[in-house]
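Participant: Pasting a structure below so you can have a look.
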Amino acid sequence: MAKKASKGKEKKLQRKEENGKAIQEKSSINEALRRANDVEDLLKDYPAFQQYSRNGLELELQFQKAERLPENVLDWAFTLCKSNMEEFYNGAWGWNDTTKREELSASDARFLIAHTKDERTPVAFVHLRWEKDDTEGWPILYCYDIQLEPCVQRKGLGRHLMKFLELVARKTEMHEVMLTVQLQNADALRMYRNLGYEDHWDQPEAPEGKESAPYVILTKKLPASAAQQQRALKPVTNSYQLENIIYG
Ligand SMILES: CC(C)(COP(=O)(O)OP(=O)(O)OC[C@H]1O[C@@H](n2cnc3c(N)ncnc32)[C@H](O)[C@@H]1OP(=O)(O)O)[C@@H](O)C(=O)NCCC(=O)NCCS
């Protein structure tokens, strides 16, 4: 995970100019990003998403700005990320403790944290940011990390979190959800493909002598069909709505 650059600076600039101008005026893009970044309680309108009670898990979700995360939670997030990802990073662009710590504690980093209901032990987190896409010029939600403790993996929680991100991206008027994934991370890739993520048009260049880069940038565009947009704006308060969004 983490965010990685793609290629083609000039191509990007040109596309950004064309798309950025055509689709939204700069000021309205900045306004959408400002509104999203000001959100204090992302889960407020989605009480059904605040709980995760499935496959033996009884969890609660919390939204937090990085600057308000207690030091011990930030340490936990770093340690979990390192133990899940160090090998994948080293197969792609290399692991670096300092870089990862800085990334997790950046002022624009936001976290969804799942913790147990009883002990309030954190077991999973998503690190997200609202940003301007550097190729298209429009506002996007970038998923920097999704990390689950091994004991809560393969119980549907990853899907729950990713579907929530999608809903939030729609609600906050983002054009896409984007993320980076290492090709070696087959389980994660499968999940994203199942959720409808596709290759971004602008991919990293293959290193010399290789057929492709060791990672891929995925995207899920969020065309504003009236029904989807309506759904994102409605509070999600019951399990029927929740099921519909996650598995419908
Ligand atoms: C990758 C990751 C985020 C996926 O989240 P997850 O909660 O484990 O995934 P889900 O349970 O939602 O779904 C993944 C798979 O488990 C299956 N599954 C869901 N519930 C299940 C259950 N009760 N029993 C068995 N399998 C189940 C899903 O059908 C899906 O199967 P498939 O991908 O083989 O088709 C998580 O495993 C993780 O944190 N891994 C380590 C860190 C990592 O790689 N992060 C991604 C970086 S890009």
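The values are calculated or read from the model by the stated rules, or taken from the named source; none is laboratory data. Note that this is a predicted model, so its numbers are computed, not measured. No Cβ is skipped: glycine too gets one built from the backbone with ideal geometry, and neighbour counts run over all protein chains shown. Accessible surface areas use protein heavy atoms only, side chains included; no ligands, DNA or RNA. Shrake-Rupley method; radii C 1.70, N 1.55, O 1.52, S 1.80 Å.
Participant: Under the condition of being open to solvent by 10 Å² or more (accessible area, probe 1.4 Å), in a strand (DSSP E or B) and closer than 24 Å to Asp38 by Cα, which residue from the stretch 138-167 is nearest to the ligand (Cβ to nearest atom)?
Facilitator: Restricting to residues being open to solvent by 10 Å² or more (accessible area, probe 1.4 Å), in a strand (DSSP E or B) and closer than 24 Å to Asp38 by Cα, the top hit is Ile146.
Participant: Can you name every residue in the stretch 71-92 that is surrounded by 15 or more Cβ atoms within 10 Å (Cβ to Cβ) and of a type in the set (Ser, Thr, Tyr)?
Facilitator: Across the stretch 71-92, the qualifying residue is only Tyr89.
Participant: Would you mind telling me which numbered condition in (1) within 16 Å of the ligand (Cβ to nearest atom); (2) within 19 Å of the chain's Cα centre (by Cα); (3) open to solvent by 10 Å² or more (accessible area, probe 1.4 Å) Arg170 fails?
Facilitator: Only one criterion is unmet by Arg170, namely (1).
Participant: Still on this model: When the stretch 86-112 is examined, which residues are found to be assigned to a loop (DSSP other than H, G, I, E, B), over 21 Å from Gly158 (Cα atoms) and in contact (Cβ under 8 Å) with a residue 40 or more places away in the chain?
Facilitator: Looking only at the stretch 86-112, we keep the residues that are assigned to a loop (DSSP other than H, G, I, E, B), and these are 93-96, 105-109.
Now drop any that are not over 21 Å from Gly158 (Cα atoms), which leaves 93-96, 105-108.
Matches in the stretch 86-112: Trp93, Ala106, Ser107, Asp108.
Participant: Which residue is surrounded by the most Cβ atoms within 10 Å (Cβ to Cβ), if the candidates are limited to the stretch 98-123 and must be touching a Phe, Trp or Tyr at 6+ places or on another chain (Cβ under 8 Å) and acidic (Asp, Glu)? Lay out the reasoning, then the answer.
Facilitator: As a first pass, look at the stretch 98-123 and keep what is touching a Phe, Trp or Tyr at 6+ places or on another chain (Cβ under 8 Å): 100-101, 103-104, 108-114, 122.
After this cut, where a residue has to be acidic (Asp, Glu) as well, the list is 103, 108.
Working: Glu103: 20, Asp108: 13.
The residue in question is Glu103.
Participant: Quick check on the stretch 179-195. Is at least one of its residues farther than 14 Å from Lys220 by Cα, more than 7 Å from the ligand (Cβ to nearest atom), open to solvent by 20 Å² or more (accessible area, probe 1.4 Å) and not polar (S, T, N, Q)?
Facilitator: yes
Participant: Kindly check whether there is at least one residue in the stretch 113-132 that is under 17 Å from the mean Cα position of the chain (by Cα) and not in a strand (DSSP E or B).
Facilitator: For the stretch 113-132, residues under 17 Å from the mean Cα position of the chain (by Cα) and not in a strand (DSSP E or B): absent.
Participant: Moving on. Would you tally the residues in the stretch 124-137 being within 16 Å of the ligand (Cβ to nearest atom) and either open to solvent by 10 Å² or more (accessible area, probe 1.4 Å) or on the phi > 0 side of the Ramachandran plot (or both)? Step through it out loud before you land on a result.
Facilitator: So in the stretch 124-137, the residues within 16 Å of the ligand (Cβ to nearest atom) come out as 124-129.
If we keep only those that are either open to solvent by 10 Å² or more (accessible area, probe 1.4 Å) or on the phi > 0 side of the Ramachandran plot (or both) too, we end up with 129.
The number of residues fulfilling the criteria is 1.
Participant: While we're looking at this one, here's another question. Tell me which of these Asp41 doesn't satisfy, since it passes every other one: (1) under 22 Å from the mean Cα position of the chain (by Cα); (2) at pLDDT below 80.
Facilitator: The single condition Asp41 does not satisfy is (2).
Participant: Suppose we keep only residues that are assigned to a strand (DSSP E or B) and hydroxyl-bearing (Ser, Thr, Tyr) within the stretch 25-70. Which one would you say is surrounded by the fewest Cβ atoms within 10 Å (Cβ to Cβ)?
Facilitator: To start, the set of residues in the stretch 25-70 that are assigned to a strand (DSSP E or B) comprises 51-54, 57-65.
Filter again for hydroxyl-bearing (Ser, Thr, Tyr), leaving 52-53.
Values: Tyr52: 22, Ser53: 11.
The residue in question is Ser53.
Participant: Has the stretch 199-218 got any residue that is assigned to a loop (DSSP other than H, G, I, E, B) and within 14 Å of the ligand (Cβ to nearest atom)? I'd like the intermediate steps shown before the answer.
Facilitator: As a first pass, look at the stretch 199-218 and keep what is assigned to a loop (DSSP other than H, G, I, E, B): 200-214.
When the remaining residues are screened for being within 14 Å of the ligand (Cβ to nearest atom), the result is 214.
Yes; the residues of the stretch 199-218 include at least one that is assigned to a loop (DSSP other than H, G, I, E, B) and within 14 Å of the ligand (Cβ to nearest atom).
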